[in-house]
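**Q** Sharing a structure below in structure tokens format, with a few things to ask.
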Amino acid sequence: MLNKYYWTRIFLCAILSFTLVFSQTDGRIDGLTMRTPDISVSLGLGFNYDYLRSPLNVSFDNARGFYSVNIPIRFAPGDDIMDEIFDGVSMPFTDNERFIPQFSARQFANTTIRVDVPMLGGVCSFSHMNVMSLRYENRTGIPSFLFNTADMEDPMDDGINMIMRGMINTPIDFSLGWEAMTFGYVYRLNDLFMFGLSLHRHRFHFNLSGNLDVDINGTVEAEVDNFRNEIEIYYSLRNPIMGEYSLERWSPTFAARIWNFDIMARIMFKDRAKGSLRANYSLPFFVDPSNFNLTGDLDDMNFIIDNITNGNFMSNEQTSVKLQTNESIRWELPHVLTLKYNIVPESEYRNMSLSLSYSKFIGRAHLGLTDPNMGIINGDDRVEFLEDGLDFRTSLRLDHLILASARFGWFFGTLGIVSLDIDFNEEKNILRNNTNEVFLIPYGRGAMLPILSGGGIIGTNLQLMLELNLLPLPAFKTGLVYNF
């Protein structure tokens with residue numbers, strides 16, 4: 001996965017550099033009229049806790065259908081908060097409006113469909129679920145800008161007049177998903193022994209699409225060598241950014257119950273997702289494609305005359321950059337070993353249960369995409385935002401997970417702790433190394449995070465479920481259970 005840092009940097013560079021697209025290093029050009037950009041960012045995140053369900057959690061007496069969905073909860077900070085964050089950023093803009101981007105975050109509606117059917121002396125099950133979803137949407141743009149030498153306090157020499165009008169749009173959509181389809185079978189030998197096997201078909205996908213669109217129209221009038229030249233400036237550039245990766249793998253889960261003890265082993269894998277990432281764009285010749293800054297000064301008469309003489313303005317010269325990688329994404333998921341003690345075993349004849357479980361994670365959840373050759377243009381030159389090539393590596397490290405789960409009547413709940421840490425590129429153990437700053441307690445190979453969830457289920461044959469996962473990732477889930 002290529003994280004939004006690189007591409008957001010491109011787009012914000014494009015916005016703020018094109019915001020100063022005709023600017024000098026002091027951030028403003030005389031004669032430039034620039035409206036405040038429109039920026040809208042939306043982030044969606046969801047995780048499906050049903051994926052952690054034990055394969056042994058089935059009914060040997062009734063067939064059962066199950067459907068659940070996360071309720072999409074949206075959060076958007078108020079304009080006063082965003083105004084405080086971006087206080088002072090409005091300086092380059094000439095319409096005297098505050099620069100207040102719109103940001104929102106939402107919970108994804110990760111769904112689960114599951115069917116358990118007693119047969120063949122045991123219970124066969126099938127399920128399909130959206131395990132994890134991430135989506136980032138970025139709608140940015142400069143509504144319009146106008147550069148007119150007639151509006152300059154210190155106009156150019158009478159021999160040159162220039163007027164330009166244009167707009168820039170940089171929409172981006174990024175999504176990452178993990179889906180799992182499961183076929184399972186549980187066999188009960190007697191009241192003391194039970195065995196289960198599940199096969200999971202995992203599908204991971206990564207998609208990136210976007211554009212960096214530039215529209216500029218204008219004219220330049222200049223007197224060169226006693227000839228009057230009137231040149232039309234026209235740029236209509238559509239710059240696509242695309243990426244697509246996918247991976248499909250099978251993995252097993254083994255489970256057994258011996259007396260009141262459950263043992264489960266979830267076997268995961270390391271693999272590479274095949275695909276490619278492309279970012280091809282063209283810019284006007286007076287914009288540096290490596291950092292989106294000007295290569296010259298449009299309010300400098302000599303710069304304009306030189307580019308009229310060499311024909312750059314007449315031909316609407318462009319500078320093009322082609323960035324592409326066919327390197328695979330490295331994808332890893334950890335193995336999980338779980339030991340569970342059913343203090344009060346769940347039974348058809350009692351409406352309560354209590355259990356305590358411990359899980360040990362072996363390995364890490366990791367995504368990595370590296371290509372040291374990406375970003376090279378014009379031989380040995382590099383774009384500034386890929387100075388060291390493409391390098392995105394992030395890992396989620398889970399270590400010890402302890403859970404206490406209880407059910408009483410129609411109500412159920414879970415309380416626990418987990419050891420978690422994060423690596424990003426060369427930065428290791430980000431949470432553990434900053435426990436004093438973020439008030440976390442070191443635990444295992446990471447920092448301690450609490451787990452808290454609860455809910456209720458009402459009904460007999462047709463049951464309505466409501467569940468609230470507060471920590472570590474919030475989710476509000478509802479669903480239906482039908483007992484045939």
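The values are calculated or read from the model by the stated rules, or taken from the named source; none is laboratory data. Since this is a predicted model, take the numbers as computed values, not measurements. All Cβ positions, glycine included, derive from the backbone under ideal geometry; neighbour counts span all protein chains shown.
**Q** Give me the residue from the range 331-360 that is within 15 Å of Gly413 (Cβ to Cβ), among the hydroxyl-bearing types (Ser, Thr, Tyr) and over 34 Å from the mean Cα position of the chain (by Cα) and, out of that set, modelled with the highest pLDDT.
**A** Ser355
**Q** In the range 349-407, which residues are among the small types (Gly, Ala, Ser), buried (at least 16 other Cβ atoms within 10 Å of the Cβ) and over 26 Å from Thr338 (Cβ atoms)? Spell out how you get there, then give the answer.
**A** Quick first cut of the range 349-407, residues among the small types (Gly, Ala, Ser) only: 353, 355, 357, 359, 363, 365, 368, 375, 379, 389, 395, 404-406.
Keeping just the survivors that are buried (at least 16 other Cβ atoms within 10 Å of the Cβ) gives 353, 355, 357, 359, 363, 365, 368, 375, 395, 405-406.
Passing the criteria: Gly368, Gly375.
**Q** Another question, then. I'm told Trp259 meets every condition in (1) modelled with pLDDT of 85 or more; (2) surrounded by 14 or more Cβ atoms within 10 Å (Cβ to Cβ); (3) of a type in the set (Phe, Trp, Tyr) except one. Can you identify the failing condition by its number?
**A** (2)
**Q** Which of the residues belonging to the range 436-447 are surrounded by fewer than 18 Cβ atoms within 10 Å (Cβ to Cβ) and either in a strand (DSSP E or B) or not aliphatic (A, V, I, L, M) (or both)?
**A** Correct list: Asn436, Glu437, Phe439, Pro442, Arg445.
**Q** Quick check: is even one residue across the range 451-466 farther than 27 Å from Phe484 by Cβ and either of a type in the set (S, T, N, Q) or outside any strand (DSSP E or B) (or both)?
**A** Yes, that holds for at least one residue.
**Q** Where residues in the range 308-327 are within 30 Å of Asp388 (Cα to Cα) and touching a residue at least 60 places away in the same chain (Cβ under 8 Å), which of them is surrounded by the fewest Cβ atoms within 10 Å (Cβ to Cβ)?
**A** It comes out as Gln318.
**Q** Still on this structure, I have one more. How many of the residues making up the range 119-150 are crowded, with 18+ Cβ neighbours inside 10 Å and not hydroxyl-bearing (Ser, Thr, Tyr)?
**A** 12
**Q** Here's a follow-up. Of everything in the range 195-227 that's touching a Pro at 6+ places or on another chain (Cβ under 9 Å) and hydrophobic (A, V, I, L, M, F, W, C), which residue is farthest from Arg165 (Cα to Cα)?
**A** That would be Leu197.
**Q** Identify, please: which residue in the range 470-484 is modelled with pLDDT of 85 or more and out of contact with any Leu (no Cβ under 7 Å at 6 or more places or on another chain) and is, among those, nearest to Gly44 (Cα to Cα)?
**A** Lys477
**Q** Hey, Asp116 hits all of (1) assigned to a strand (DSSP E or B); (2) modelled with pLDDT under 85; (3) of a type outside the set (A, V, I, L, M) but one; which does it fall short on?
**A** Asp116 satisfies all of (1) assigned to a strand (DSSP E or B); (2) modelled with pLDDT under 85; (3) of a type outside the set (A, V, I, L, M) except (2).
**Q** For Phe204, indicate whether it is in contact (Cβ under 8 Å) with a residue 60 or more places away in the chain, surrounded by 15 or more Cβ atoms within 10 Å (Cβ to Cβ) and of a type outside the set (Asp, Glu).
**A** Yes, satisfied.
**Q** Residues that are among the polar types (S, T, N, Q): find the strands (runs of 3 or more DSSP E) completely inside the range 227-315 holding 2 or more of those.
**A** 227-258, 270-284
**Q** State all residues of the range 406-430 that are polar (S, T, N, Q) and within 23 Å of Ile441 (Cα to Cα); if no residue qualifies, say none.
**A** Once the filter is applied, which keeps residues that are polar (S, T, N, Q) and within 23 Å of Ile441 (Cα to Cα), the range 406-430 yields Thr414, Ser419, Asn429.
**Q** Looking at Ile305 and the list (1) at pLDDT below 85; (2) closer than 30 Å to Gly275 by Cα; (3) among the hydrophobic types (A, V, I, L, M, F, W, C), which single condition is not satisfied?
**A** Only one criterion in (1) at pLDDT below 85; (2) closer than 30 Å to Gly275 by Cα; (3) among the hydrophobic types (A, V, I, L, M, F, W, C) is unmet by Ile305, namely (2).
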